[in-house]
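*Asks:* Handing you this structure, nothing more for now.
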Amino acid sequence: MSLTYVIKEGVSGFRRTRLASITSIVALTIAVLLVGLMARFGYNGYEVVQTMKESIEVEVFLLDIDSGRTDRIAADLQSYPIVTETEYVSKDKAEEIFREEFGAEGESLADLNFLPASYRLHLTPDANAKEIREMVAEVEQFQGVDEVVFNQELLETLEERLELLTMAGIGIGLFILFTAIVLVFNTIRLTIYAKRNIIRTMKLVGATNGFIRRPFLLEGLIQGAIAAAIANGLHWLLFHLVIPYYIPQFGVLSWPMGEWYYLTGGMVLLSLIMGLWGSRWAARKFISQTAIG
Amino acid sequence: MADRPVITFQNITVQFDGRSIFRNVDFTLERGEFAYLIGATGSGKSSFLKLIYRDLIPDEGTVHVAGINVTALKERHVPELRRSLGIVFQDFQLLPDRNIYDNVAFALEVTGKRRGVIKQRVLEVLSMVGLSHRRNNMPDDLSGGEQQRVVIARALANEPQLMLADEPTGNLDPEAAHSIMDLFKQINNRGMAVLMVTHNYDMVKRYPYRTVKIQDENIIDVGM
């Protein structure tokens with residue numbers, strides 16, 4: 001089959017149902033833009049949560065034990081995969097910290113020797129509350145450990161919110177994408193209806209359904225490509241001009257995975273797939289239903 | 001193989017929307033034969049043709065066309081069957097946004113033929129129907145008779161063994177209708193079988209060929 005034929009027919013179909021095509025381009029643009037916005041905001045939200053999680057420390061308070069036992073506890077703590085660093089806080093250091101934090105009030109206490117030595121554990125950002133709880137339960141059983149403290153409530157709240165936002169994002173995203181695909185489907189259905197006599201003729205002379213279908217698929221791809229270009233343009237304008245101007249404290253939010261081309265490429269790909277999928281769905285359904293006689 | 005009829009209906013029964021159209025119909029059209037198909041409006045003439053080009057599948061019986069068992073044909077092979085037939089309708093069905101040359105060439109493009117082969121064959125069939133000089137015109141520039149000639153040229157492009165015509169002169173004035181009938185006669189004289197649905201009994205008298213009538217869900221051979 002000639003490529004010229006596919007391009008010519010694909011473009012002519014686009015022209016024939018201009019209004020419907022514009023409708024589906026607008027729908028695709030909105031869908032892809034919204035998904036892009038959700039991805040960018042979601043990624044930045046995720047980064048904030050990860051930073052907050054990194055700041056969560058687990059403090060392991062020790063009994064009065066000898067240095068050999070203290071070192072063995074350090075070695076045991078480092079054997080946990082979620083522990084990235086163990087920082088020893090001696091009794092003297094604890095006293096110093098106390099005095100810094102409580103100032104004059106701390107100075108009034110004559111003897112701060114009751115403050116225990118401890119280990120501060122830094123954890124990997126992907127450590128979840130369940131893993132930390134399990135580790136804490138085990139560490140509490142270590143000989144020489146008095147108490148283990150960490151901000152479980154904050155961590156659980158962060159995890160719950162992140163999960164909720166992820167689920168809501170996926171749900172809304174899928175709904176938006178489905179709506180856009182239905183609109184593309186409808187546009188291609190109208191194009192097929194407008195070209196039903198030509199389709200009849202094609203079938204009459206022995207064209208295969210695949211041959212007849214290809215221009216419609218190209219039409220869907222054209223819609224997807226135009227929508228991708230507009231959505232990416234709007235996305236760039238919003239994040240690089242509008243938000244920094246009106247909400248300067250946000251600055252320019254970072255691109256997912258640090259580079260612009262991942263999200264931009266993803267949006268282009270998504271738009272093309274939706275355009276192709278919607279048109280393929282309609283073409284498969286309606287071309288085979290078009291009778292000759 | 002050479003003597004096998006170009007169309008064979010065996011025990012065909014068709015029901016549509018709860019109404020019986022054909023009941024136990026047998027029919028054959030020999031190679032190179034010309035036959036008219038007549039009958040009252042709604043008697044099933046177009047359905048008869050649809051059975052041949054596989055736009056309709058019988059409830060019972062088998063249809064063989066040009067050696068192909070049409071009833072058992074898989075959907076993906078239907079285009080191959082249609083390429084072996086020439087089909088002409090009353091309403092022309094030309095592509096309005098292509099010129100005459102491209103309309104005829106289209107029948108060959110879908111088969112994936114090379115451009116050089118297409119050009120040679122298109123000029124050949126346009127010359128056969130007397131329209132070489134009109135090849136760059138658009139369909140709307142042509143009279144009804146000329147448009148029907150283009151359709152016939154397109155039907156001939158793939159060198160079919162059988163030409164199906166559904167009231168090909170129905171939209172034409174008497175003069176154009178006669179010239180189209182002369183063309184079909186020439187095509188038949190070259191050895192191609194023709195099955196033509198018609199209501200035009202004057203034409204049947206003027207160009208006498210075997211005539212088959214659809215009546216009471218069956219086929220009656222009414223002779224010449």
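*Asks:* Go through segment B:177-203 residue by residue and tally those that are part of a helix (DSSP H, G or I) and either modelled with pLDDT of 90 or more or under 23 Å from residue B:66 (Cβ atoms) (or both). Quick ask: steps written out before the conclusion?
*Replies:* So in segment B:177-203, the residues part of a helix (DSSP H, G or I) come out as B:177-189, B:201-203.
When the remaining residues are screened for being either modelled with pLDDT of 90 or more or under 23 Å from residue B:66 (Cβ atoms) (or both), the result is B:177-189.
So the count comes out to 13.
*Asks:* Filter segment B:127-142 for residues that are in a helix (DSSP H, G or I) and over 18 Å from residue B:175 (Cβ atoms) and give the result.
*Replies:* Listed by number, the residues that qualify are B:127, B:128, B:132, B:133, B:139, B:140, B:141.
*Asks:* Sticking with this one: So is residue B:51 under 13 Å from the mean Cα position of the chain (by Cα), closer than 23 Å to residue A:287 by Cβ and either among the charged types (D, E, K, R) or outside any loop (DSSP other than H, G, I, E, B) (or both) or not?
*Replies:* Yes, satisfied.
*Asks:* Follow-up question, since we're still on this one. Take residue A:184 and decide whether it is crowded, with 20+ Cβ neighbours inside 10 Å and either under 18 Å from residue A:14 (Cβ atoms) or in contact (Cβ under 8 Å) with a residue 12 or more places away in the chain (or both).
*Replies:* yes
*Asks:* Name the pairs whose Cβ atoms lie under 6 Å apart, with the first residue in segment A:51-79 and of a type in the set (Asp, Glu), the second not in a loop (DSSP other than H, G, I, E, B), and 6 or more positions between them or separate chains?
*Replies:* Filtered contacts from segment A:51-79: A:57/A:120; A:59/A:118; A:59/A:120; A:59/A:149.
*Asks:* Just to be sure, is residue B:223 without any contact (Cβ under 8 Å) to a residue 60 or more places away in the chain and small (Gly, Ala, Ser)?
*Replies:* yes
*Asks:* When you scan segment B:131-183, how many residues do you find that are closer than 19 Å to residue B:107 by Cα and in contact (Cβ under 8 Å) with a residue 40 or more places away in the chain?
*Replies:* Total meeting the criteria: 21.
*Asks:* Answer yes or no as to whether residue B:145 is under 20 Å from the mean Cα position of the chain (by Cα), away from chain A (no Cβ under 14 Å) and not in a loop (DSSP other than H, G, I, E, B).
*Replies:* yes
Residue-by-condition table, conditions (1) among the polar types (S, T, N, Q); (2) outside the structural domain of residue A:224 (by TED's automatic domain parsing); (3) in contact with a Lys or Arg (Cβ under 7 Å, 6 or more places away or on another chain); (4) in contact (Cβ under 8 Å) with a residue 12 or more places away in the chain:
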residue	(1), (2), (3), (4)
A:251	no, no, no, no
A:254	yes, no, no, yes
A:263	no, no, yes, yes
A:266	no, no, no, yes
A:270	no, no, no, yes
A:278	no, no, no, yes
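For every residue, the table says whether it meets (1) within 14 Å of the chain's Cα centre (by Cα); (2) acidic (Asp, Glu); (3) part of a helix (DSSP H, G or I).
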{"site": "B:38", "(1), (2), (3)": "no, no, no"}
{"site": "B:42", "(1), (2), (3)": "no, no, no"}
{"site": "B:63", "(1), (2), (3)": "no, no, no"}
{"site": "B:72", "(1), (2), (3)": "no, no, no"}
{"site": "B:76", "(1), (2), (3)": "no, no, yes"}
{"site": "B:92", "(1), (2), (3)": "yes, no, no"}
{"site": "B:98", "(1), (2), (3)": "no, no, no"}
{"site": "B:113", "(1), (2), (3)": "no, no, no"}
{"site": "B:118", "(1), (2), (3)": "no, no, yes"}
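*Asks:* Does segment A:51-58 contain any residue that is over 29 Å from residue A:199 (Cβ atoms) and at pLDDT 85 or above?
*Replies:* The answer is yes; a qualifying residue exists.
*Asks:* Let me ask something else. Within segment A:269-289, how many residues are of a type in the set (Gly, Ala, Ser) and farther than 9 Å from residue A:185 by Cα?
*Replies:* Number satisfying all stated conditions: 2.
*Asks:* So which residues in segment B:36-59 are among the β-branched types (Val, Ile, Thr) and closer than 18 Å to residue B:17 by Cβ?
*Replies:* Hits for segment B:36-59 are B:41, B:57.
*Asks:* Quick one: which helices (runs of 4 or more DSSP H) sit completely within segment A:18-136 and have at least 2 residues that are in the same structural domain as residue A:278 (by TED's automatic domain parsing) and basic (Lys, Arg)?
*Replies:* On the way: elements: A:18-55, A:67-78, A:91-107.
Answer list for segment A:18-136: A:18-55.
*Asks:* Something else now. State whether the residues of segment A:7-22 include one that is at pLDDT 85 or above and either out of contact with any Phe, Trp or Tyr (no Cβ under 7 Å at 6 or more places or on another chain) or surrounded by 14 or more Cβ atoms within 10 Å (Cβ to Cβ) (or both).
*Replies:* yes
*Asks:* For segment B:78-117, what are the residues that are within 13 Å of chain A (Cβ to nearest Cβ), of a type outside the set (D, E, K, R) and more than 27 Å from residue B:195 (Cβ to Cβ)?
*Replies:* Hits for segment B:78-117 are B:96, B:112.
*Asks:* What is the residue count in segment A:81-97 for residues that are surrounded by 14 or more Cβ atoms within 10 Å (Cβ to Cβ) and touching a Leu at 6+ places or on another chain (Cβ under 8 Å)?
*Replies:* 7
*Asks:* Quick one: in segment B:42-62, which of the residues that are more than 24 Å from residue B:111 (Cα to Cα) and surrounded by 16 or more Cβ atoms within 10 Å (Cβ to Cβ) is nearest to the other protein chains (Cβ to nearest Cβ)?
*Replies:* Only one residue tops the list, namely B:46.
*Asks:* If you go through segment A:211-218 one residue at a time, do you hit one that is part of a helix (DSSP H, G or I) and either among the basic types (Lys, Arg) or without any contact (Cβ under 8 Å) to a residue 60 or more places away in the chain (or both)?
*Replies:* yes
*Asks:* Based on this model, can you work out whether residue B:154 counts as away from chain A (no Cβ under 14 Å), under 16 Å from the mean Cα position of the chain (by Cα) and of a type outside the set (Val, Ile, Thr)? Before you say what the answer is, go through the steps one by one.
*Replies:* Numbers: away from chain A (no Cβ under 14 Å): no; under 16 Å from the mean Cα position of the chain (by Cα): yes; of a type outside the set (Val, Ile, Thr): yes.
No.
*Asks:* OK, next. Output yes when any residue across segment A:246-267 is more than 14 Å from every other protein chain (Cβ to nearest Cβ) and among the charged types (D, E, K, R), and no when none is.
*Replies:* Going through segment A:246-267, the residues more than 14 Å from every other protein chain (Cβ to nearest Cβ) turn out to be A:246-267.
Going one step further and asking which of them are among the charged types (D, E, K, R), we end up with A:259.
Among the residues of segment A:246-267, at least one is more than 14 Å from every other protein chain (Cβ to nearest Cβ) and among the charged types (D, E, K, R), which makes the answer yes.
*Asks:* Determine whether residue B:189 is without any contact (Cβ under 8 Å) to a residue 24 or more places away in the chain and away from chain A (no Cβ under 14 Å).
*Replies:* Values: without any contact (Cβ under 8 Å) to a residue 24 or more places away in the chain: yes; away from chain A (no Cβ under 14 Å): yes.
Criteria met by residue B:189.
The values are calculated or read from the model by the stated rules, or taken from the named source; none is laboratory data. This one's a predicted model, so the numbers in the text were calculated from it and none came from an experiment. Using ideal geometry, Cβ is built from the backbone for each residue, glycine included, and neighbour counts are taken over all protein chains shown.
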